[in-house]
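For reference, the structure is listed below as structure tokens.
Derivation of every value follows stated rules applied to the coordinates shown; laboratory data play no part. Computed from a prediction, not measured in an experiment: that's the story for all the values here. For neighbour counting, all protein chains shown are included, and Cβ atoms are generated from backbone atoms with ideal geometry for every residue, glycine included.
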Amino acid sequence: MNGKQTDYRSGALPGRFPLATALTPMQESAEPSYDSGEALSRGTLFPGLDLPFMNIVNPELPEGPQTELMAICFVVHELGLYLDTHAGDGEAFALFQSMLALEKEAKRRYLELCGPVMKSDLLTAERYSWLCDPWPWDIAGKKEG
């Protein structure tokens, strides 16, 4: 060392000692994958990355338009993260595009049934309906007519 004492109170380490080195293994493939509802409850689309804390698995959420939209959006996000590191995976990109189409359709259905998801959804609305009933949890689990 350079003659100066460094301890935990000084807040600095000598330049030659790295604090930590992280290693993240590369995900090998996108197959197989959970369906969107199970992926949402497990917190990952990919079984190979499913490492539940203390072997606890979240229960699946109740069926309904809000859960459907959340699950599809989650899968789109997961596939996007996968494609960030595997841009050449054409099969995953095709799945990503089909999930984007499903997301668009699920959001359209949700907006018709429940109203806006975000304030930007009011762009084409006839009136300001952000605070109008029903709230998403008011219709969760009810059958669509």
Review point. How far apart, in nm, are two points set 7 Å out from the Cα along the Cα-to-Cβ line at LEU113 and at PHE93?
Key: 3.3 nm
Study note, to complete from the structure: Taking 0.36 nm per residue of separation between GLU105 and PHE53 and subtracting their Cα-Cα distance, the length gained on full extension comes to 15.3 nm
Practice item. Label the stretch 38-132 by shape, choosing from rounded, prolate and oblate, from the square roots a ≥ b ≥ c of the eigenvalues of the Cα gyration tensor; if a/c is under 1.5 it is rounded, and otherwise prolate applies when a/b is larger than b/c, oblate when it is not. Key: oblate
